[in-house]
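The next block holds one structure in the form of C-alpha cells; read it before the comments.
A short reminder: the numbers here are calculations on the coordinates, not readings from a lab. Since we're looking at a predicted model, the values are computed, not measured. Note that each Cβ is placed from the backbone with ideal geometry, even for glycine, and that neighbours are counted across all protein chains shown.
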C-alpha cells in the first residue's frame, strides 16, 4: 500500500475511534526542545516527574531505532461541568482540574492508540510502532506542535484552533515514512493574560514554566506545602486550570464529545470533610479511575485540609481535631493543626495546645506553633 493512501486511511479511521485531531511529523531530533530542556535543568525549573534523559526526550530514534515518523493525536475534553454541585457553608467542596474530570486520560488515549496501531498493522504488516501517553520520554507538546496539532502557548499548553488547549495528547513513533504535516502558524502574539493571571508567577516568561512554583505540580507533592503557596491553592484538590481558563483561545469552547471523559460531579468537585477520613479502599473506589489519583490519597487529603483552612470552615473543627490527634502521617497531622489555626476559634486553639503535649514529631510541632501564631496575629 502507498504511504500517502495509508495516511488518508489512518486519518479517517482516527475519527471513527474517537480521536479528534491527528497529525504526522518526522522522527528527526527536537533540536530546539533540547536546548530548552537544558536551560530548564540549569535553572532547576523541572518538576522531577520527567522521564528519561534529555537525549531520550528529544531523539526519537533512541526510543525506536527504526523510527521514520511520529503520529500525534489529540482528544478534546470538557471545560464546563453540567449540574455541578454547589459548595455551601455546611459542606465546602474542593475541585479537581478539568484534565482529571473523567476516566484517566492515559487509559483513554492508550486505548485509542492501541486500536490505531492494530489498524496500521493490518494495512502495513511490516509496521513497527511505539506508543506513548504523557508518561513516555518524548514531549507530547513538542510532538504535537511539530505535527500541526496546535501551537505552543505562553501557558506551555498546546492550543488547537478547533478545541483550544483543553486537549489530551499522545503519540506513536513508527517506522513508516509518512509525509509530515505543517505546523500551525498561529501564536499568542503580545498577549500575556495567562502569565499575569498565574497565582504563583510560575510562568516566568512566554512558554517557560518553573514547575517548582506551579500549583498543578504543587498539588501533587507529598510533603508539607511551603507556606507561600498555601494561600494560593484555594480549594484546589488536584491541578490548576487558571492559565487555560483565562486564555482567549478557550473562550466559548466546551467539548463534550466522549462520554468516558465526562466528569462525575461528586468526584470532580468533592466534599472536603469526607475526604479526610477515606480508607485506601474508599479512596480507590471514589477516585481511583481518575488521573488525579495517581499519587495516592495523601497529597489530596493534605490539599483538602488546606482548602478547609482557606474557607475558615468552623463546621470542620471536629474533623480536623480527629485528624490532628489520630492520623499516623505527620504531614496530615501537621496540616490539620495549621488549618485549625487558620479557622481560629478558641476550641481550635485549645485542641492544638492539648495535642502538642503528646506530639513528638518536630515538623508537626512546628506546624502546631504556626497554627497558634494565627491567634496572636488576629
Under a Gaussian network model of the chain whose springs join Cα atoms within less than 10 Å, the largest fluctuation of 222, 68, 281 belongs to 281
In nanometres, the difference between 0.36 nm per residue of separation and the alpha-carbon distance of residue 289 and residue 55 is 81.0 nm
Using r as the Cβ-Cβ distance of residue 329 and residue 90, and R0 as 45 Å, what FRET efficiency do you calculate, to the nearest 0.05? 0.95
Run the quick spin-label model on residue 135 and residue 347: label points 7 Å from Cα toward the beta carbon, then report their separation in nm to one decimal. 4.3 nm
Kindly identify segment 312-378 as rounded, prolate or oblate by the Cα gyration tensor criterion: order the square roots of the eigenvalues as a ≥ b ≥ c, call it rounded if a/c is under 1.5, otherwise compare a/b with b/c, prolate if a/b is larger, else oblate. oblate
In nm, to one decimal, how far is the residue 39 label point from the residue 254 one, both placed 7 Å along Cα→Cβ? 3.8 nm
By the gyration tensor of its Cα atoms, with a ≥ b ≥ c the square roots of the eigenvalues, what is the shape of segment 189-257: rounded for a/c under 1.5, prolate for a/b over b/c, or oblate? oblate
Within the chain, the percent of DSSP beta bridges that are antiparallel, given to the nearest 5, stands at 90 percent
Per its Cα gyration tensor (rounded if a/c is under 1.5, else prolate when a/b beats b/c, else oblate), segment 1-122 is best filed as oblate
Förster-model FRET efficiency, 22 Å R0, residue 179 and residue 66, C-beta, rounded to 0.05: 0.75
Relative contact order in percent for segment 139-261 (Cα pairs under 8 Å, 6+ apart) equals 27 percent
Angle between the Cα long axis of helix 3-16 and the longest principal axis of the chain, 0 to 90 degrees, nearest 10? 40 degrees
Taking a virtual spin label 7 Å from the Cα of residue 162 along the C-beta vector, which residues in segment 2-16 bring their backbone nitrogen under 15 Å of it? 8-16
Fluctuation leader among 115, 273, 89 - the chain, Gaussian network, Cα springs under 10 angstrom: 89
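How much length is gained if the chain between residue 9 and residue 264 is pulled fully straight, taking 0.36 nm per residue apart and subtracting their Cα-Cα distance, in nm to one decimal?
That works out to 88.3 nm of additional length.
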Listed residues 235, 303, 114, most fluctuating in the chain (Gaussian network, C-alpha, under 10 Å): 114
Calculated FRET value between residue 361 and residue 271, using beta carbons and R₀ = 22 Å, to 0.05: 0.20
What percent do you get for the relative contact order of the chain when only Cα pairs under 8 Å and 6+ apart count? 19 percent
Relative contact order for segment 312-378 using alpha-carbon pairs under 8 Å, separation at least 6, rounded to a whole percent? 35 percent
Descending Cα extents along the principal axes, segment 266-353, whole Å: 40, 24, 15
Stretched fully, the stretch from residue 17 through residue 228 gains (0.36 nm per residue minus C-alpha distance, one decimal, in nm) 71.5 nm
